[in-house]
């Protein structure tokens with residue numbers, strides 16, 4: 001049977017919250033043995049926030065944590081204790097990758113910075129994801145994903161015409177930073193395979209978030225202009241947006257990319273004469289009269305369900321799709337047919353549906369091998385099988401309250 005791409009690779013995962021765990025999740029998806037180091041004395045925020053199954057809270061019941069930590073193992077260590085740091089160092093000596101998304105300098109203060117770890121294992125790959133990187137005047141600032149939306153410039157671009165900047169809907173900086181870390185780690189693994197060398201990856205979540213809006217940055221760089229907020233419009237397409245359809249708060253998105261699609265949209269709407277209307281005869285004209293154009297399109301979409309409008313538009317080769325809510329997404333026949341969602345038995349919350357792996361590979365198949373771990377559920381197994389401690393040594397550490 002084919003093995004997953006990272007079979008045999010071990011990750012010491014010191015991450016918490018969202019960005020770091022999301023990056024480590026992708027490595028688990030690829031087959032790595034990801035060992036999450038955490039502590040009941042300083043619980044990860046993601047173990048403490050909803051949604052809760054059956055509205056019953058608990059450190060092992062948070063849907064947020066259980067989504068982004070699938071496939072991992074949990075080792076509890078009180079990293080304030082010197083004995084715990086010794087265990088962490090031994091774990092690193094048996095690992096290939098170390099990940100953390102603490103603020104700059106935290107790993108060094110704990111005694112497990114890169115300079116220490118590479119003496120333990122010279123070819124170790126370490127990636128740090130502080131909000132601002134490990135150098136520069138703001139390196140010691142603490143950051144989470146929501147501020148990065150504003151800092152990156154994304155909020156300045158998000159909002160309606162003539163309106164103020166707006167939050168972009170969710171914390172883009174977190175998963176974006178995590179995915180960038182995964183990519184960097186994969187490149188480092190290839191480099192190590194070729195050269196035998198490990199490396200340290202200093203990844204600023206803020207800088208990774210800036211990569212989400214290259215067009216705006218290039219516009220300023222080349223033209224000295226700040227792009228204006230335009231809602232759901234596009235500078236090079238019209239009509240382009242999300243339009244109200246029949247039903248309670250139901251909407252359909254569509255994009256017209258060129259003149260041929262504009263003519264086909266006019267046919268679909270039963271108004272072929274619009275294609276020769278001087279207000280809409282070219283992209284420039286449609287942009288100049290965009291408000292009137294959107295009223296015409298909305299009048300057509302409101303008379304149909306989002307599915308009906310989508311089907312008619314797609315049949316004409318025009319990109320369109322309903323704006324799905326969570327229920328629509330979970331029940332999507334297309335996504336279901338691709339086996340994207342997974343249902344694994346969790347010891348506390350039972351079988352729940354989770355988002356799975358968003359890719360398929362023909363020669364190196366990937367799968368989610370286990371649900372997210374309960375707090376510390378793999379501590380004994382990791383200490384025995386990986387770190388090499390005896391049962392008596394583990395019992396002594398537990399007696400000292402180091403394994404919590």
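None of the figures in this text is laboratory data; all of them are computed from the coordinates on show. Note that this is a predicted model, so its numbers are computed, not measured. Counting neighbours? That spans all protein chains shown, and the Cβs are built from the backbone with ideal geometry, glycine included.
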Using a 10 angstrom cutoff on alpha carbons, build the Gaussian network for the chain and name the most mobile of 131, 169, 113. 169
Using alpha carbons only, how many angstrom separate the centre of segment 1-71 from the centre of segment 117-137? 21 Å
Once the Cα gyration tensor of segment 1-154 is found, what semi-axes does its equivalent ellipsoid get, as square roots of 5 times the eigenvalues, in whole Å, sorted largest first? 23, 22, 17
Determine, at each q value in 0.16, 0.22, 0.23 (inverse angstroms), the log₁₀ of I(q)/I(0) that the Debye formula gives when each Cα of segment 294-388 is one equal point scatterer. -0.89, -1.16, -1.19
Taking neighbour Cβ counts within 10 Å as the exposure measure, how do 217, 283, 129 sort from fewest upward? 217, 283, 129
Under the 7 Å Cα-to-Cβ spin-label approximation, residue 161 and residue 183 lie apart by a distance in nanometres of 3.3 nm
Contact order normalised by residue count of segment 221-357, Cα under 8 Å, 6+ apart, percent: 23 percent
Calculate the radius of gyration of the Cα atoms of segment 262-344 to one decimal place, then report Dmax, the largest Cα-Cα distance, as a whole number, both in Å. 16.7, 58
Which order, highest average first, do 363-375, 20-32, 83-95 follow once you tally other Cβ atoms within 10 Å for each residue and take the mean per peptide? 20-32, 83-95, 363-375
Tell me, 321, 132 in order of fewest to most beta-carbon neighbours within 10 Å? 321, 132
Provide, in order from the shortest bin, the percent of all Cα-Cα pairs of the chain in each 10 Å bin, continuing until the bin that contains the maximum pair distance. 4, 18, 25, 23, 16, 9, 4, 1, 0
Sort 45-55, 175-185 for me by packing, meaning the mean count of neighbouring Cβ atoms within 10 Å per residue, highest on top. 175-185, 45-55
Shape metrics for segment 14-93, restricted to C-alpha atoms - Rg then Dmax, Å: 13.3, 41
By count of other Cβ within 10 Å, fewest leading, how are 144, 172, 68 ordered? 144, 172, 68
Global size of segment 17-57 as Cα Rg and Dmax, reported in angstrom: 12.4, 32
Between segment 338-404 and segment 224-296, what is the C-alpha centre distance in whole Å? 49 Å
At 222 nm, what value in deg cm²/dmol follows for the chain if DSSP H runs of at least 4 each add -39500 (n - 2.57) and the sum is divided by all its residues, to the nearest 500? -10500 deg cm²/dmol
Which value, to two decimals, describes the C-alpha radius of gyration of segment 176-279 once divided by 2.2 N^0.38 Å? 1.73
Could you work out how far helix 19-29 tilts from the main Cα principal axis of the chain, as a 0 to 90 degree angle to the nearest 10? 80 degrees
Report the Cα-based extents of segment 91-190 along its three principal axes, largest first, to the nearest Å. 57, 29, 19
Identify which of 161, 386, 342 has the largest mean-square fluctuation in a Gaussian network model of the chain, with springs joining Cα atoms closer than 10 Å. 161
In nm, the gap between the two label points placed 7 Å beyond Cα toward Cβ at residue 232 and residue 396 is 6.5 nm
Angle in degrees between helix 290-301 and the longest Cα principal axis of the chain, rounded to the nearest 10: 80 degrees
